[in-house]
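Enquirer: My questions all concern the structure below.
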Amino acid sequence: MKYSLTIVIPAYNEAGSIQQVLEDMMHTVLYEGLQVIVVNDGSKDQTLQLLQAFQKSNPSFPLRVISHRLNRGYGGALKSGIYQAKTEFVVTMDADGQHRMEDLPKLYETLIHENADMCIGNRNFKGSTFSRNLIKKLVLYFVKQSTGIQVNDLNSGMKMYRTPIVQSLLRYTPNGMPFSDTIVLLHHQFRYKIVEREIEIKDRETGTSTINYKTAIHTIVEVANIIMNFFPFKFFLYIALFLFIVAAVWGVPLVLAGQGLSTGTSFLLLAGLILFFFGILLENVVRSRFENYTYLQEES
């Protein structure tokens, strides 16, 4: 079966694995007619040289190499690659060799069968440490409660998209690691259908992951920022409710004792009300932007 599909791989200092990744996909790419774009994101090792050597020694392999002179980040690399995709579908894979080509047909079949716009390769928290999984679960819980989205692997590096749709959303995405979470939230916000399919993860054989605790903190901040910008009412509602609860715990005993409302209690109540109505105002602004986006998509 021939796919109208481009594989986009961001690579930063992946000299130890990138050649093996390309060799592993050689048969599938040639047989299925896939396109491959590898984005060298300002690597300081031999990643670019290895990619160029691979192209020279395998002229029939449909590989395009995009090279950033400076590191732009995980999201920046993915955006460069996705923007250049010309096929109907595009799938992202990591350069560390953890993703399997055998899972591509599963994602494709699920996306087509469910008539979806994005299919996430669900890792079921495999291939990561306990601490990272804990952070992922906390972020996932926070996002689910705030947005109502029903997915189980927000930041999987293996996702399949309908190319025109994902390209239209890239303008809203960050250049860093939070791209993975943000692109899912954007599909959800603009009412595109998201599905998941379980995939297997191979152990990383070479190199070291660039994901660390700073990345996790950055991800949490980015997710909070996206929720505030796309789901502001819920974001400010939770803060307002917290202030109301604190005001009640602080002020009710004083009122019952006949001392009236204290200055602190009054301040908390006023702040809660301001945030509540501010959230409503921002929600209307976001809905207006969403409606304008939907209208433009329908017109095009």
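The values are calculated or read from the model by the stated rules, or taken from the named source; none is laboratory data. As the structure is a computational prediction, the values presented were derived from the model and not from experiment. Using ideal geometry, Cβ is built from the backbone for each residue, glycine included, and neighbour counts are taken over all protein chains shown. Just the protein is used for accessible areas: all its heavy atoms, side chains included, with ligands, DNA and RNA removed. Shrake-Rupley method; radii C 1.70, N 1.55, O 1.52, S 1.80 Å.
Enquirer: Checking Asn124 against (1) open to solvent by 10 Å² or more (accessible area, probe 1.4 Å); (2) touching a helix residue (DSSP H, G or I) at 6+ places or on another chain (Cβ under 6 Å): exactly one of these is not met. Which one?
Expert: Asn124 satisfies all of (1) open to solvent by 10 Å² or more (accessible area, probe 1.4 Å); (2) touching a helix residue (DSSP H, G or I) at 6+ places or on another chain (Cβ under 6 Å) except (2).
Enquirer: Here is a follow-up. What is the residue count in the range 63-96 for residues that are among the basic types (Lys, Arg) and in a helix (DSSP H, G or I)?
Expert: In the first step, residues of the range 63-96 are kept if they are among the basic types (Lys, Arg); the result is 64, 69, 72, 79, 86.
Adding the requirement that they be in a helix (DSSP H, G or I) leaves 79.
Count: 1.
Enquirer: Kindly establish whether Gly81 is in contact (Cβ under 8 Å) with a residue 60 or more places away in the chain and at positive phi.
Expert: On the way: in contact (Cβ under 8 Å) with a residue 60 or more places away in the chain: yes; at positive phi: no.
Answer is no for this residue.
Enquirer: Something else: How many residues, within the range 63-93, are surrounded by 19 or more Cβ atoms within 10 Å (Cβ to Cβ) and closer than 17 Å to Thr173 by Cβ? Walk me through it before giving the result.
Expert: Within the range 63-93, the subset surrounded by 19 or more Cβ atoms within 10 Å (Cβ to Cβ) is 63, 72-82, 85, 89-93.
Still in the running and closer than 17 Å to Thr173 by Cβ: 72-82, 85, 90-92.
Going through the range 63-93 one residue at a time, the tally reaches 15.
Enquirer: Given the conditions (1) modelled with pLDDT of 95 or more; (2) in contact with a strand residue (DSSP E or B) (Cβ under 6 Å, 6 or more places away or on another chain), which single one is not true for Asn115?
Expert: (2)
Enquirer: Tally the residues that are part of a strand (DSSP E or B), open to solvent by less than 40 Å² (accessible area, probe 1.4 Å) and not hydrophobic (A, V, I, L, M, F, W, C), restricting the search to the range 6-62.
Expert: Filtering the range 6-62 down to residues part of a strand (DSSP E or B) leaves 6-11, 35-41.
Filter again for open to solvent by less than 40 Å² (accessible area, probe 1.4 Å), leaving 6-11, 36-41.
With the extra rule that they be not hydrophobic (A, V, I, L, M, F, W, C), the set shrinks to 6, 10, 40-41.
The total comes to 4.
Enquirer: Run down Tyr192, Tyr141 and say which single residue is over 17 Å from Met93 (Cβ atoms), of a type in the set (Ser, Thr, Tyr), open to solvent by 30 Å² or more (accessible area, probe 1.4 Å) and at pLDDT 85 or above. Step through it out loud before you land on a result.
Expert: Numbers: Tyr141 fails: at pLDDT 85 or above.
On inspection, the qualifying residue turns out to be Tyr192.
Enquirer: Looking at the structure I just gave you, is Leu134 part of a helix (DSSP H, G or I), open to solvent by 60 Å² or more (accessible area, probe 1.4 Å) and either touching a Lys or Arg at 6+ places or on another chain (Cβ under 9 Å) or of a type outside the set (Asp, Glu) (or both)? Break it down into steps so the answer makes sense when it comes.
Expert: Numbers: part of a helix (DSSP H, G or I): yes; open to solvent by 60 Å² or more (accessible area, probe 1.4 Å): yes; either touching a Lys or Arg at 6+ places or on another chain (Cβ under 9 Å) or of a type outside the set (Asp, Glu) (or both): yes.
Yes.
Enquirer: While we're here: Let me confirm something: among Ile165, Ile245, which residue is at pLDDT 90 or above, assigned to a helix (DSSP H, G or I) and in contact with a His (Cβ under 8 Å, 6 or more places away or on another chain)?
Expert: Working: Ile245 fails: in contact with a His (Cβ under 8 Å, 6 or more places away or on another chain).
Just one listed residue meets the conditions, Ile165.
Enquirer: Is it fair to say Met101 is touching a residue at least 24 places away in the same chain (Cβ under 8 Å) and in contact with a strand residue (DSSP E or B) (Cβ under 6 Å, 6 or more places away or on another chain)?
Expert: Details: touching a residue at least 24 places away in the same chain (Cβ under 8 Å): yes; in contact with a strand residue (DSSP E or B) (Cβ under 6 Å, 6 or more places away or on another chain): no.
Judged against the criteria, Met101 is not a match.
Enquirer: Ok, one more. Does the range 155-174 hold any residues that are over 12 Å from Cys119 (Cα atoms), open to solvent by less than 30 Å² (accessible area, probe 1.4 Å) and under 9 Å from the mean Cα position of the chain (by Cα), and which are they?
Expert: Once the filter is applied, which keeps residues that are over 12 Å from Cys119 (Cα atoms), open to solvent by less than 30 Å² (accessible area, probe 1.4 Å) and under 9 Å from the mean Cα position of the chain (by Cα), the range 155-174 yields only Thr173.
Enquirer: Also: Can we say Leu269 is more than 34 Å from the chain's Cα centre (by Cα), crowded, with 17+ Cβ neighbours inside 10 Å and hydrophobic (A, V, I, L, M, F, W, C)?
Expert: Details: more than 34 Å from the chain's Cα centre (by Cα): yes; crowded, with 17+ Cβ neighbours inside 10 Å: yes; hydrophobic (A, V, I, L, M, F, W, C): yes.
In short, yes.
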